[in-house]
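Report on the following structure.
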Amino acid sequence: MTATIHTPDELARAIGRPGRPDRSDRLSLVPTMGALHEGHISLVRAAKTLGAPVVVSVFVNPLQFGPGEDLATYSRSLERDVELLEREGVDAVFAPSAETMYPSGPRTTIQPGPKGAILEGASRPGHFAGVLTVVAKLFSLTCATDAFFGEKDYQQLVLVREMAADLNLPVRVHGRPIVREPSGLALSSRNRYLSDAEREVAGVLSRALATGSLDRARSLIDASSGLDLDYLELRTPELEEIPAGYTGPARLLVAAKVGTTRLIDNAEVRLG
Ligand code: PAF
């Protein structure tokens, strides 16, 4: 008898294949662009707790850099990265070349939904299409059942989750908290571009977010010099606009240039 089925769960049962996150040969993926810091290491450690093999990808993805951005100068330190990952007991480091990843150039790509055009997407057109395309490729190449992303790139995390849900990708997307320097500055591979004086200025961003209020954050940023603010916005955890009368968790997100370095940061706040 030929079965007619209507839902993904029924389909998985009928063909005898559980949705891949539930399969027994599990694998955890931590996608990175290298120049690893404690933020990345915290993702690796979270991945290790699942007990499955852990693969870390190190690939500076040209597709997510716009013209005039720092693709050519982005820090590359594969040997050091591999040493760090070896110490963490990572099973494999996947470090492909751009030619291996895009043998036909950027031909088929993945476009984000409308949230790809706000915040970072407004300032960096095409950025999230580049991110989603490479992340989808890494998911396919590794057949990962679990993938780990930092909340530092909060909009990226939301969009990767949307992609996994919208395209029925058989992977669980885990978001992990931001790791900060003692000064509060969120760890980022781009922090190495900052001079000591610029680091001081950059500290304003995390202090502004820590106020827990859009207005207080704005006052603090307006009162400080040396910051070129791109956006400071309050949104729901799913990055929707805040509806009137909304109470509950929200995200305060900021992007600013300090000298020539563009920094982003965000924090959870509670409204009401
Ligand atoms: O967050 C990053 O480092 C990158 O955007 C990612 C997810 C590795 C894709 O290139």
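The values are calculated or read from the model by the stated rules, or taken from the named source; none is laboratory data. Nothing here was measured: the structure is a model prediction, and the numbers come from that model. We place every Cβ from the backbone using ideal geometry, glycine too, and count neighbours over all the protein chains shown. In case anyone asks, the SASA skips ligands and DNA or RNA and just uses the protein heavy atoms, side chains included. Shrake-Rupley method; radii C 1.70, N 1.55, O 1.52, S 1.80 Å.
Tabulated results
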| quantity | calculated |
| --- | --- |
| The chain: angle of helix 78-87 to the longest principal axis, Cα-based, in degrees nearest 10 | 70 degrees |
| For the range 113-250, accessible area per residue (1.4 Å probe, heavy atoms of protein chains only), Å² | 46 Å² |
| Solvent-accessible area per residue, Å², over the range 20-110 with all protein chains present [probe radius 1.4 Å] | 52 Å² |
| In degrees, nearest ten, helix 154-166 long axis to first principal axis of the chain (Cα) | 20 degrees |
| Relative contact order of the range 41-173, pairs being alpha-carbon contacts under 8 Å that are 6 or more residues apart, as % | 28 percent |
| The chain - charge dipole about Cα centre, Lys and Arg +1 at Cβ, Asp and Glu -1, debye rounded to 20 | 360 debye |
| Accessible surface of the range 101-252, 1.4 Å probe, proportion on carbon and sulfur as whole % | 51 percent |
| Degrees, to the nearest 10: 196-210 long Cα axis against longest axis of the chain | 70 degrees |
| Accessible-area composition of the range 1-90, carbon plus sulfur, in percent [1.4 Å probe] | 54 percent |
| Two-site FRET efficiency, S24 against L271, from Cβ-Cβ distance with R₀ of 35 Å, rounded to 0.05 | 0.25 |
| Nearest-0.05 FRET efficiency for L71 and C143, computed from C-beta distance (R0 45 Å) | 0.95 |
| Gain in span if fully extended, T4 to R216, counting 0.36 nm per residue against the direct Cα distance | 70.5 nm |
| Summed residue charge, Cβ within 11 Å of E240's Cβ, Lys/Arg positive, Asp/Glu negative | +1 |
| Span from the the range 209-272 Cα centroid across to the the range 30-95 one, whole angstrom | 27 Å |
| Sparse-neighbour loop sites [trypsin sites (Lys or Arg not before Pro); the range 99-151; at most 14 other C-beta within 10 Å; DSSP] | R107 |
